[in-house]
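Presented below is the structure to which this report refers.
The values are calculated or read from the model by the stated rules, or taken from the named source; none is laboratory data. A quick note: this is a predicted structure, and the numbers were derived from the prediction, not measured. Cβ sites come from the backbone with ideal geometry, for glycine too, and all protein chains shown count toward neighbours.
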Amino acid sequence: MKIVLDYENKTPLYAQIETQIRTAIKGAEYIRGKKLPNEVDLAKRLGVSRNTVRQAINKLVYEGLLVRKKGIGTVATKMSITSMARNWLSFSQEMKALGIEIKNYELFIGWTKPSEELRFFFDVEENQKILRLERLRGNVENPFVYFISHFNPRIGLTGNEDFTRPLYEILEKDYNTVVKLSKEEISAKIADTQLADKLELKPGDPILIRKRFVYDPGGRPVEWNVGYYRADSFVYTIESERNNLGQ
């Protein structure tokens, strides 16, 4: 894999690396499963820190273009189809647009050691604790979504914030952190005892899982959010616009 960095270019080095890896993995050798260079070796070859290389690779991992395999390394995934939703909204904005008054049923704030997934996403060490926010939310009649959020420690959140305020308002107004990009994954499962109890369901009832990976304008991860929704309260609509008509 050939990567050439332009140190006089204003584009951040991690972004240059990301762009060139993105191009390289479209080639036949990587589609067939060739392993990417080791992060440490690649960093030494390019004369940058390992964190710079990891930041570039993390972005591609969470876009689903690369996957880390234990005992093997980082490899390109098979090409998949992604639909990009424009003008995505926060949960509070979504509910306001629908005219739904939101009620917070439970709110828990604490510090936790990150899982392996979270360490890779935020690029933090195993022993660095990160802020965890749990919220059970719904309308005035009943709760219908249970959110678990984790935040990048570089933001500076203390855990003493008033999280009854809109989350992204807190990040922007209090910490100068603007959210720009959201990647989402939607899946389904049956409710276990804990989720059934929170969402006022029966164990075994269907629920929808909505994972949201949120980034700032520089592509740096801000929030890892998982929402567990009652299946009877959530409809996900995607509006897509076709480009290059006739091709």
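Scanning the range 143-167 for residues that are at pLDDT below 90 and among the hydroxyl-bearing types (Ser, Thr, Tyr) yields one hit, Thr164.
Ile209 passes every criterion in (1) of a type in the set (Val, Ile, Thr); (2) within 17 Å of the chain's Cα centre (by Cα); (3) buried (at least 16 other Cβ atoms within 10 Å of the Cβ) apart from (3). In the range 223-244, the residue that is modelled with the highest pLDDT out of those that are of a type in the set (Gly, Ala, Ser) and touching a strand residue (DSSP E or B) at 6+ places or on another chain (Cβ under 6 Å) is Gly227.
Selection of the range 172-208 for residues being more than 26 Å from Thr158 (Cα to Cα), part of a strand (DSSP E or B) and free of Cβ contacts under 8 Å to residues at least 40 places away in the same chain yields Glu185, Ser187, Lys189, Ile190, Pro206, Ile207, Leu208.
With aromatic (Phe, Trp, Tyr) and in a helix (DSSP H, G or I) as the only criterion, which of Phe120, Phe108, Phe163, Phe147 stands out? It would help to see each step written out before you state the result.
Numbers: Phe108 fails: in a helix (DSSP H, G or I); Phe163 fails: in a helix (DSSP H, G or I); Phe147 fails: in a helix (DSSP H, G or I).
Sole residue among the options that is aromatic (Phe, Trp, Tyr) and in a helix (DSSP H, G or I): Phe120.
The residue of the range 62-108 that is modelled with the highest pLDDT, among those that are under 26 Å from Arg220 (Cβ atoms) and in contact with a Ser or Thr (Cβ under 7 Å, 6 or more places away or on another chain), is Leu66.
Is there a residue being touching a strand residue (DSSP E or B) at 6+ places or on another chain (Cβ under 7 Å), under 23 Å from Gln55 (Cβ atoms) and either modelled with pLDDT under 90 or surrounded by 12 or more Cβ atoms within 10 Å (Cβ to Cβ) (or both) anywhere in the range 134-142? Within the range 134-142 (the criterion being touching a strand residue (DSSP E or B) at 6+ places or on another chain (Cβ under 7 Å), under 23 Å from Gln55 (Cβ atoms) and either modelled with pLDDT under 90 or surrounded by 12 or more Cβ atoms within 10 Å (Cβ to Cβ) (or both)), the answer is no, since none of the residues qualifies. Looking only at the range 31-53, residues that are at pLDDT 85 or above and either charged (D, E, K, R) or out of contact with any strand residue (DSSP E or B) (no Cβ under 9 Å at 6 or more places or on another chain) (or both) come to 15 in all.
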